[in-house]
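Below: the structure, in structure tokens.
The values are calculated or read from the model by the stated rules, or taken from the named source; none is laboratory data. The structure presented is a predicted model; accordingly, all values stated were derived computationally and were not measured. Methodologically, a virtual Cβ is constructed for each residue, glycine included, from the backbone with ideal geometry; neighbour enumeration extends over all protein chains shown.
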Amino acid sequence: MDKMMDSPWVLRIVALILALLLFFSVRTESSPSNKTIMSEQTAVIRDVPVDVFYDDKNLIVTGIPKTVNVTIKGPMTLVLQAQATKDFSVFADLSKLLIGQHNVRLQYENLSEKLQVTLDPAIVKVNIEEKVTQEFRVDPELNTRLIEEGYILNGMTANPATVYVTGAKSAIENISYVKATVTGEKGLNEPFSQVAAVKVLDRDLNKLDVTIQPETVKVQVDIGAYSRELPVVLKEIGKTANGITVNQLTISPTKVRVYGKKSSIDALTAIPLEVDLSKITESKTYEFDVKLPEGVTKISDPKIKVKADITKVEQDKTTTTTTTPPAPTPTPSPPSEETSTPSDNNTSPTEKTEDIAS
């Protein structure tokens, strides 16, 4: 092996091979087409923010996309630099445009002139409108299915009650609802408060692109047991005592509020009050307990006052005296011949009869 390497022919052949390899290598690198392939590159930079220049104090602009995709093509070093630094910007200059619709070409800056730049989209349709601010009342809302059975939503209030909405004139004119939606778990049965975001919607419940101040409100939700106000109907039971006549019974209050399950409460037309007449003994005000009908859990007045007006009738005691009739007077027998002339011995009886008469 050492002898072969020492041979001049072997060294000449090796030198020739190396020279050929070097020649073809240099020729390939110096080829114009290869230089183009190695030096040019294409890249897509996505979601580049779009700046807009206009009178934002008095005007509203719609139609400008928030971001665009930028395709750059050119020398590899410039492309890589633009990708890494992203120090260029894309913008729309609307400062000289009047109110109305316009087709605007987006522009860019701080990119080398040696780069081919393509924006997607490149042209946008914008609408320039007058900026309007208007005050709206906030309507809180709650899904009533979240409320426990037997309870109802008595009302909701928002604080603040109104918000200021700023936007394009056309958007403000399309506002149909300004709502603050309250959420919660199923089974709500007591009052609570919650901070809710304000939403501005058109009549089709589409969200409008406007600015809301403030963006949230505090909603107070009043939940209570279902109730209705019903009249009190007097129902007399028992009998009055002997000698007592009830002239009039007046109840107070005449209406009460009852609470309970909605289906049970809605079936009632009145609340009966049983008044035991046997307990009415004089003209004064009494109190009677109200018996809760089935399905009623609570009543505003568990006791009802009853003012009684009565008349007492006194019975007269009559004394009966028994009189013995006088004995009948005996009828005298007719005189006989022997006794037709009274004798001197019969003078005394004639004198006693006169005394009785006298």
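With the requirement that a residue be of a type in the set (A, V, I, L, M, F, W, C) and outside any strand (DSSP E or B), what does the range 50-74 give you?
64
Can you tell me which of 58, 110, 103, 69 is at positive phi and either of a type outside the set (Phe, Trp, Tyr) or at pLDDT 95 or above (or both)?
On the way: 58 fails: at positive phi; 103 fails: at positive phi; 69 fails: at positive phi.
Answer to the check: 110.
Being in contact with a Gly (Cβ under 9 Å, 6 or more places away or on another chain) and at pLDDT 95 or above is the filter here; which residues of the range 146-190 pass it?
175
Considering each of 123, 147 in turn, give the residue that is without any contact (Cβ under 8 Å) to a residue 40 or more places away in the chain and of a type in the set (Val, Ile, Thr).
123
Results for (1) touching a residue at least 60 places away in the same chain (Cβ under 8 Å); (2) more than 44 Å from the chain's Cα centre (by Cα); (3) surrounded by 14 or more Cβ atoms within 10 Å (Cβ to Cβ); (4) not in a strand (DSSP E or B), shown as yes or no for each residue.
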position: 230; (1), (2), (3), (4): no, no, yes, no
position: 239; (1), (2), (3), (4): no, yes, no, yes
position: 242; (1), (2), (3), (4): no, yes, no, yes
position: 272; (1), (2), (3), (4): no, no, no, no
position: 282; (1), (2), (3), (4): no, yes, no, yes
position: 286; (1), (2), (3), (4): no, no, yes, no
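What pairs can you find where one residue is in the range 77-91 and at pLDDT 90 or above, the other is assigned to a helix (DSSP H, G or I), and their Cβ atoms are less than 8 Å apart, with a gap of 6+ or different chains?
Filtered contacts from the range 77-91: 88/82.
Quick check on the range 100-115. Is at least one of its residues among the basic types (Lys, Arg), over 30 Å from residue 171 (Cβ atoms) and not in a helix (DSSP H, G or I)?
yes
Considering only residues that are acidic (Asp, Glu) and either over 22 Å from the mean Cα position of the chain (by Cα) or surrounded by 11 or more Cβ atoms within 10 Å (Cβ to Cβ) (or both), which ones fall in the range 191-214?
Answer for the range 191-214, where residues must be acidic (Asp, Glu) and either over 22 Å from the mean Cα position of the chain (by Cα) or surrounded by 11 or more Cβ atoms within 10 Å (Cβ to Cβ) (or both): 202, 209.
Suppose we keep only residues that are assigned to a loop (DSSP other than H, G, I, E, B) and of a type in the set (D, E, K, R) within the range 172-197. Which one would you say is nearest to residue 161 (Cα to Cα)? Break it down into steps so the answer makes sense when it comes.
Taking the range 172-197 as the starting set, the residues that turn out to be assigned to a loop (DSSP other than H, G, I, E, B) are 174-176, 183-187, 189-191.
Checking which are of a type in the set (D, E, K, R) leaves us with 185-186, 190.
Values: 185: 25, 186: 26, 190: 22 Å.
Restricting to residues being assigned to a loop (DSSP other than H, G, I, E, B) and of a type in the set (D, E, K, R), the top hit is 190.
Give the residue, chosen from 233, 198, 217, 210, that is under 21 Å from residue 133 (Cβ atoms), modelled with pLDDT under 95 and of a type in the set (Val, Ile, Thr).
Selected residue: 210, the only one of 233, 198, 217, 210 that is under 21 Å from residue 133 (Cβ atoms), modelled with pLDDT under 95 and of a type in the set (Val, Ile, Thr).
Which of the numbered conditions does residue 165 fail, given that it passes all the others? Conditions: (1) surrounded by 13 or more Cβ atoms within 10 Å (Cβ to Cβ); (2) under 19 Å from residue 212 (Cβ atoms); (3) touching a residue at least 60 places away in the same chain (Cβ under 8 Å).
For residue 165, the exception is condition (3).
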